[in-house]
Amino acid sequence: MSITTFLIMPAMGISQGAQPIIGYNHGAKRYDRVKSTLLQAIVAATSIVTLGFIVSKIWPAQLIGLFNKNEELIKLGVHAMDIFFKFIPLVGLQMISSSYFQAVGKSRQATLLALSRQVIIFIPLLLILPRFWGLEGVWWSAPFSDLGAFVLTGAWLWYEMKQLNKTIVLAHTDTAPDPAVPGT
């Protein structure tokens, strides 16, 4: 969990940094900047989390060894981390998207997405999977939760971007000069 925190914290910082930029530009109807900031934040957060994922795959024992020197626990931790981090690169998009919805004033969506990964999906999986897989079920709860939250968030963000693109088209249509009216 300590290693997970180190992986996620930079993405949280990017998310919190992008939120006011997205909110300001959304309020100013600068949707091109909203989309650009959203994309840049997703790429940055995903890149950082993916880099951490790669490091965790290359040096898992060394990372766990920073927190514990017990060889048996390190061996168990390497196995657990291998499972626990399966879909961790997907978390960047999930975190940034949740922040996006908060920034544009869609607090219900933001709350649902923020809670989906660590509460709404994770806790039921944590209660169900160990009944079938024992300790392995505990570890698999996290990647399945990450994947489920990613799918939910991706679908919601895809729909939101379709709506935003429609808004952009309407905004350009409303401000475009009417060729039938002289002087517009």
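The values are calculated or read from the model by the stated rules, or taken from the named source; none is laboratory data. All of these numbers come straight from a predicted model, not from anything done at the bench. Cβ coordinates were reconstructed from backbone atoms using ideal geometry, including for glycine residues, and neighbour counts include every protein chain displayed.
Values as computed for the structure displayed
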read-out	value
Arg131 basic (Lys, Arg), at pLDDT below 95, out of contact with any strand residue (DSSP E or B) (no Cβ under 9 Å at 6 or more places or on another chain) and part of a helix (DSSP H, G or I)	no
Qualifying position, being at pLDDT 95 or above, surrounded by fewer than 15 Cβ atoms within 10 Å (Cβ to Cβ) and more than 15 Å from the chain's Cα centre (by Cα), among Gly27, Gly23	Gly27
Cβ pairs under 7 Å, 6+ apart, first in the stretch 64-75 and surrounded by 11 or more Cβ atoms within 10 Å (Cβ to Cβ), second among the small types (Gly, Ala, Ser)	Ile64/Gly77; Phe67/Ser2; Ile74/Ala61; Ile74/Gly65
Selected residue (only one of Ala142, Ala155, Ala149 is surrounded by fewer than 18 Cβ atoms within 10 Å (Cβ to Cβ), within 23 Å of the chain's Cα centre (by Cα) and of a type in the set (A, V, I, L, M))	Ala155
Among (1) of a type outside the set (Phe, Trp, Tyr); (2) closer than 23 Å to Tyr159 by Cα; (3) surrounded by 19 or more Cβ atoms within 10 Å (Cβ to Cβ), the one test that Met81 misses	(2)
Single condition Gln118 does not satisfy, out of (1) under 20 Å from Ile14 (Cβ atoms); (2) of a type in the set (S, T, N, Q); (3) crowded, with 19+ Cβ neighbours inside 10 Å	(3)
